[in-house]
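Chemist: Below: one structure in structure tokens.
FYI, it's all coordinate maths here, none of it is from the lab. As the structure is a computational prediction, the values presented were derived from the model and not from experiment. Cβ sites come from the backbone with ideal geometry, for glycine too, and all protein chains shown count toward neighbours.
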């Protein structure tokens, strides 16, 4: 009995640390000082100027770790219809990048969470009429593939994954980004995204022409839309809408895992501006009162900005209006 108790204690200790030995629940949670989430008093919000969108009041979020590799036996009479399991091995936790474009990863029942098999999609285009048959008219975004099925009932901004992290069909005109339902778009065509949002091209991940509507203004991952001495960060507009905002960044910025600061005086004029000193595509995070580090930004489906290696994308960013859905930070899979 004593041996089992010791083993449980060791398991708890191992679970609470990431690959660097630091407490993951502290270093991977976003937080800034009180004055770094506001712009100078003389600046006002102007929709025509992305750099004037207010920076977020970022607070710690829940510790959304990937669940440990626990095998949960299934009732044989309730085994889900998972389809053929003879494809290439894959890790379902990697979402869109688990398989080749045009394929999605299905977890093998009664196996560890990282054990799956790739299955081929139908090749339909989300939001395009006529790509699916009448009996299954809805084109569903599923991992790195698209499949024809029946339309769902989940509305915009609502959770669209089940307890097994499997995306479910949304209502007509929406698709699941492996987090919440949002509008699809066709890359290169006239922008029809809400609030003049940008169309993120995810064709390379799905194997078909496809896109997802993202926040307006600049691109958080590439910096497109900002000047050469600026970076694009996620920000919250005065009306509560999530947008991209350009902030000053002198030099290339700090890399992944490097110490960082928020609201620093980067132009040397004594003013603390919004943003941080991490390189484009990274964000400065850390628990209050502790050292902060640059972490990679990602999208939950890993379509536009996938995480490296076996890392997973977890929603660990919040603004004063609540949690940021559909985007997050790359964390180590357990």
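Chemist: If you take the square roots of the eigenvalues of the alpha-carbon gyration tensor of the range 277-316 and sort them as a ≥ b ≥ c, do you get rounded (a/c under 1.5), prolate (a/b over b/c) or oblate? Each step should come with its number before you reach the end.
Modeler: Values: a/c = 2.48, a/b = 1.82, b/c = 1.36.
Prolate.
Chemist: May I ask you to sort 136, 231 by Cβ crowding, counting other Cβ atoms within 10 Å and putting the fewest first?
Modeler: Working: 136 15, 231 25.
Ranking 136, 231 by Cβ neighbours within 10 Å, fewest first, gives 136, 231.
Chemist: Further question on the same structure: For the peptides 232-245, 108-121, 319-332, what is the packing order when you average, over each peptide's residues, the other Cβ atoms within 10 Å and list the highest mean first?
Modeler: 232-245, 319-332, 108-121
Chemist: Label point 7 Å out from residue 88 along Cα-to-Cβ: which residues of the range 120-147 have amide N under 20 Å?
Modeler: 120-124, 142-147
Chemist: Any chance you could run the full-extension gain for residue 204 through residue 227? It's 0.36 nm times the residue separation minus the Cα-Cα distance, nm to one decimal.
Modeler: On the way: separation 23, 0.36 × 23 = 8.28 nm, distance 2.68 nm.
Going from the current span to full extension adds 5.6 nm.
Chemist: While we're on this one: Multiply the residue gap between residue 238 and residue 252 by 0.36 nm, knock off their C-alpha separation, and tell me the result in nm, one decimal place.
Modeler: Extra length available between residue 238 and residue 252 comes to 2.1 nm.
Chemist: Taking a ≥ b ≥ c as the square roots of the Cα gyration tensor eigenvalues, with a/c under 1.5 meaning rounded and otherwise prolate when a/b beats b/c, else oblate, which class fits the range 122-208? Working shown, then result.
Modeler: Numbers: a/c = 1.41, a/b = 1.13, b/c = 1.24.
Rounded, since a/c falls under 1.5.
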